[in-house]
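Quick notes on the structure that follows.
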Amino acid sequence: MPYHLLTLPGTLAGLLDRLGHRQADVLGVSWGGGLAQQFAVRHPSRVRKLVLVATGTGSVMVPARPQVLKHMITPRRFRDPGYAAAVAPEIYGGSLREHPERVRELLRGRTGPRRGYYYQLLATAGWTSLPLLPFIRQPTLILAGDDDPIIPLVNARLMHSMIPRNAFHIYQGGHLEMIANPRPIAIKVESFLAEPSGKGPS
């Protein structure tokens, strides 16, 4: 069945219950960052800290360039390895500009029925976190790439200005840098999560 970011937080809360966790640190990348924002507002007591990586505010945001969006709306990049490598520099940026062949490795396992891809697109239809940002009260770390064609950097700056308790860091790289070159980002995330939760970012 189709799903939506407005309904998925209940599923995540149920998952935490099933696993026996009252609270968790929540990290979301790209599309997952949208879900992480919605979950933090819908179930605030379940989220200790929030980490948002290479993400934006949904349908109301500064969009990618038309050429990038053209490649994004087709599932071909998940089904055709040659095409994925050819468009990787333009849509993902960062280290994939020098090593576009790596996109095959990074996207391995993401092939599947075309229906699933379109369900993912439908899940964000009409959704935006823009009016929700002031209500994200958890300590939040916003991480954005300086070369992310999919989510222009201005979107992270907007989130930084609207989320009350956040730290903002710009890393060198593009949209998939967290999996292409995870160590620098992981160090930032681990340091943030290790801070006493009562303190959080200013």
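The values are calculated or read from the model by the stated rules, or taken from the named source; none is laboratory data. This one's a predicted model, so the numbers in the text were calculated from it and none came from an experiment. All Cβ positions, even for glycine, are placed from backbone atoms using ideal geometry, and neighbour counts span all protein chains on display. Areas reflect the complete protein model, heavy atoms only, side chains present, ligands, DNA and RNA absent. Shrake-Rupley method; radii C 1.70, N 1.55, O 1.52, S 1.80 Å.
Ranking of ASP25, ASP146 by solvent-accessible surface, largest first: ASP146, ASP25 (1.4 Å probe, protein heavy atoms only, all chains present). Each label point was placed 7 Å from the Cα along the Cα-to-Cβ direction; for ARG137 and HIS43 their separation is 1.8 nm. In the chain, Cα pairs under 8 Å separated by at least six residues give a relative contact order of 25 percent.
Convex hull volume of the Cα atoms of the range 96-202, normalised per residue: 132 Å³.
The heavy atoms of SER59 present about 70 square angstrom of accessible area, all protein chains included, probe 1.4 Å. Here the Debye sum runs over all C-alpha atoms of the range 1-98 as equal scatterers in vacuum, and log10 of I(q)/I(0) at q = 0.14, 0.16, 0.24, 0.25 Å⁻¹ comes out as -0.69, -0.82, -1.20, -1.26. Annotation: for a label point projected 7 angstrom from Cα along Cα→Cβ of LEU15, residues of the range 167-181 with backbone N closer than 20 Å are 178-179.
When the surface is traced with a 1.4 Å probe over the full set of protein chains, MET72 keeps roughly 40 Å² accessible.
Looking at the chain, what % of the alpha carbon pairs are farther apart than 27 Å? The share of Cα pairs beyond 27 Å in the chain comes to 30 percent.
Helical runs assigned H by DSSP (4 residues or longer) give the chain a calculated mean residue ellipticity at 222 nm of -12000 deg cm²/dmol, each run adding -39500 (n - 2.57) before division by the residue total. If you take all other residues with their beta carbon under 12 Å from the beta carbon of LEU153, and give Lys and Arg +1 and Asp and Glu -1, the sum is -2.
FRET efficiency for the pair ILE170 and ARG97, taken as 1/(1 + (r/R0)^6) with r the Cβ-Cβ distance and R0 = 22 Å, rounds to 0.80. One chain, two ends: THR124 and ILE179. Fully extended at 0.36 nm per residue, the span grows by 17.5 nm beyond their Cα-Cα distance.
Of the residues LEU193, LEU5, LEU35, LEU27, the one with the largest accessible area comes first in the ranking LEU27, LEU193, LEU35, LEU5, computed with a 1.4 Å probe on protein heavy atoms. As a rough guide to protection, the peptides 162-170, 36-44 ranked by mean Cβ packing within 10 Å, highest first, stand as 36-44, 162-170.
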